[in-house]
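> Sending over a structure as structure tokens; questions will come in a sec.
The values are calculated or read from the model by the stated rules, or taken from the named source; none is laboratory data. These figures come from a predicted structure and were not determined experimentally. So basically every Cβ, Gly included, is an ideal-geometry build from the backbone, and we count neighbours across all protein chains shown. Only protein heavy atoms, including side chains, enter the accessible area calculation; ligands, DNA and RNA are left aside. Shrake-Rupley method; radii C 1.70, N 1.55, O 1.52, S 1.80 Å.
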Amino acid sequence: SLIVGRPDTVPPMPNPASSHTRTALIVPGQGSQRVGGIADLPETDRSWFDSASAIVGVDLWQLGLTASIQDLGRPSVLQPFLVAWGMADFERARRPEHDQTSDLDQIDFVLGHSSGQNTAMVLSGALSFDDGVRFAYERGKHLDLGCAAAPGALLALAGVEAAVAREMAAATGLQIAN
């Protein structure tokens, strides 16, 4: 899901005549997906997935409903899937029945966490939807190759003491990145 927030620590906008509260849209990336996670989207939102599927040659809607996390987690599938999901979720949030509609009327900043940058580039207007899906797909294909050449894993920890993280790393053979 998309996060809409009002950052208090963002530097002033270049236009001092603007008196509105600044709004940031933060788009999640890889790791935000879950099997069946798009099941709550209405059928009308399927068009985003159909358009992306035509570009990548995979039925992303069906994968989002039924695929295993391993199938959906392959970067060349997941990254375009997240662009379609992000666009569908954004459109859903803009509908009048949602509380976030007024927050989305004027967005000052669009940020993407990790592969969420692909969707952020589309939402900001830096790329068209089709170009954003193509970019995500190409990026994902390169990541597929890199993962095949050097298999690995990532574990994200939050709220864990550094000593516990070091113990986990030592027990599993993982390295602490930051």
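> Hey, got the Cα dimensions of the stretch 36-178 along the principal axes, in Å, largest first?
50, 35, 29
> What net charge do the residues around residue 56 carry, taking every other residue with its C-beta under 14 Å from that of residue 56, with Lys and Arg at +1 and Asp and Glu at -1? Let's see the in-between values first.
On the way: positive: 74, 134, 139, 141; negative: 50, 59, 71, 130, 131, 138, 144.
Here the charged neighbours net out to -3.
> Any number yet on Rg/Rh for the stretch 109-178, C-alpha, Kirkwood? Walk me through the numbers on the way to the answer.
Details: Rg = 16.7 Å, Rh = 14.7 Å.
Value, to two decimals: 1.14.
> Where only protein heavy atoms count, and the probe is 1.4 Å, what is the accessible area per residue for the stretch 52-124 in Å²? Can you show the working numbers first?
Numbers: 3180 Å² over 73 residues.
The answer is 44 Å² per residue.
> Scan around residue 112 for amide H atoms under 5 Å from its own, H built in the peptide plane at 1.01 Å from N, and keep only partners 5 or more places away or cross-chain.
Those lying under 5 Å, H to H, from residue 112 are 27.
> Also: Take the solvent-accessible surface of the protein heavy atoms, probe 1.4 Å, and return the percent of it on the stretch 34-178 that carbon and sulfur atoms account for.
Result for the stretch 34-178: 54 percent of the exposed heavy-atom area is carbon or sulfur.
> Could you rank 166, 139, 94 by how accessible they are, 1.4 Å probe, largest area first?
Numbers: 166 140, 139 75, 94 100 Å².
These residues rank, largest area first, as 166, 94, 139.
> A follow-up question, please. Taking the full set of protein chains and a 1.4 angstrom probe, give the accessible area of residue 113 in square angstrom, rounded to the nearest 10.
Accessible surface of residue 113 is approximately 120 Å².
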